[in-house]
Amino acid sequence: MSKENIHVPNEVSIVSFNNSLMSRFSTPPLTSIDTQTYQLGFEATKCLMELINEPNQFKRSVVIPTIIVERESYTRREQKVE
């Protein structure tokens, strides 16, 4: 963006997905959506073990919330009401 002379977050906000290590060290550091991959893997393993142990009884729904990690690449803007 800097090569194109576009200023982040003044002109455009950028949000990344998955809160990777690189998002913390970019310039500017990227706001990111953390999908909680450790928790996702943990719950997937529990589901798999339940399915293996009781294949006819398995009925489960798991919701893993995401977390917005705000860093310097995002600025809240007022919405225009038309």
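For this structure, a couple of remarks:
- About the Cα centre, charge dipole magnitude for the chain (Lys/Arg +1, Asp/Glu -1 at Cβ), debye: 60
- Taken along the Cα-to-beta-carbon direction at a fixed 7 Å, the label points for ARG76 and ILE6 span 2.4 nm.
- With the simple spin-label model, which puts each label point 7 Å out from Cα in the Cβ direction, the ASN18 to GLN57 separation comes to 3.6 nm.
- Among GLU54, GLU11, GLU70, the largest mean-square fluctuation in a Gaussian network model of the chain (Cα springs under 10 Å) belongs to GLU54.
- Taking the fewest neighbouring Cβ atoms within 10 Å as the starting point, the ordered list for GLU50, GLU78 is GLU78, GLU50.
- Restricting the calculation to alpha carbons of the chain gives Rg and Dmax of 19.2, 59 angstrom.
- The mean sequence separation of alpha-carbon pairs under 8 Å and at least six residues apart, normalised by the residue count of the chain, gives a relative contact order of 37 percent.
No lab work stands behind these numbers, since they all come straight from the coordinates. From a predicted model like this one, the values you see are computed outputs, not experimental measurements. Positions of Cβ are generated from backbone atoms using ideal geometry, with glycine treated the same way; all protein chains shown enter the neighbour counts.
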